[in-house]
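What follows is one structure encoded as structure tokens, with my remarks underneath.
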Amino acid sequence: MSNTKTEAGHKSAADAANGAVKPQKPSRARKSAAHSRPNAKAARPDHANSARAKGKRVSRADLVQLDVDRWLVVADENDLARTAKLAMAALASTGRIFLMAGSPVELTYDDRHIAPELRVLDYDGLASVFCEVVGCVGYDHDTGNLKPGPGSAQLAKLIQVHRPYGELPVLKAIVVGPAKRPDGTVITESGYDELSGLLVVDVNANPKHFAPAVFTGDAELDALLAELG
């Protein structure tokens, strides 16, 4: 199984929420799987389809897509669990954040490798990703207006407290080459396959042409990889 990695710029808040200004993309933001590889179809959970269109008013506890890879979370200070859930849904909608072996992980691409590597997102990792792709404003119950909301570090803390990991698609393995689902059906398209939880880098690739899977750097996930040879 050498071809497989196994589980383990700034305007007011109101302007941002109403879509008046298109925020600049962070210079360090990583491309999603869909943008990085032409054959990789990134996971796009239903949360992305439910986001409000630009220019429409938002209410408390809302998720608004501002750009292809930029989201706005409208936080309700009276419902922090839902705020955490929306923040995690925003990360899921990037197509590069998954749940693997009970932990959130990020796919990262290197021009030297066709297959992505994995980075386990601890508190600092979550805060870093939130800073790149998620903005946040708060909902003022007294005035009905928007106000400054939790920062990236606060959102990361909410994730650790409320653990809304059910918002993330489950990633079981990354495969280079042909793959099958548990029921025996063949996966015919490259990208994330929701039914199997596999991310197939290239269904037509010959796995013999690629080096063994690169370790993630996380002791628990690396132990799983070692057990599988």
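The values are calculated or read from the model by the stated rules, or taken from the named source; none is laboratory data. Quick caveat, the model's predicted, so the values are computed rather than measured. Every residue, glycine as well, gets a Cβ built from its backbone with ideal geometry; the counts of neighbours run over all protein chains shown. Remember, those area values only see protein heavy atoms, side chains included, never the ligands or the DNA or RNA. Shrake-Rupley method; radii C 1.70, N 1.55, O 1.52, S 1.80 Å.
Assorted remarks:
- Chain lengthening between Gln160 and Thr188 when straightened (0.36 nm per residue, less Cα-Cα): 6.4 nm
- Extended-chain gain in nm, criterion 0.36 nm per residue less alpha-carbon gap, Val68 and Leu195: 43.2 nm
- Take the Cβ atoms of Asn204 and Asp110, set R0 to 22 Å, and the FRET efficiency comes out at 0.55.
- The Cβ shell under 13 Å around Lys157 holds other residues with a net charge of -1, Lys and Arg each +1, Asp and Glu each -1.
- Taking the inverse of the mean 1/r over every pair of distinct Cα atoms in region 58-106 gives a Kirkwood hydrodynamic radius of 11.5 Å.
- Normalised by the number of residues in region 98-139, the mean separation of alpha-carbon contacts (under 8 Å, six or more apart) gives a relative contact order of 27 percent.
- Here region 86-163 has 46 percent of its accessible surface on carbon and sulfur atoms, given a 1.4 Å probe and all protein chains in place.
- Above 17 Å, the calculated P(r) of region 96-188 contains 63 percent of its Cα-Cα pairs.
- At an R0 of 22 angstrom, the distance between the Cβ atoms of Ala81 and Glu220 translates into a FRET efficiency of 0.25.
- Per residue value of the accessible surface for region 128-190 (all protein chains in place, 1.4 Å probe), Å²: 48 Å²
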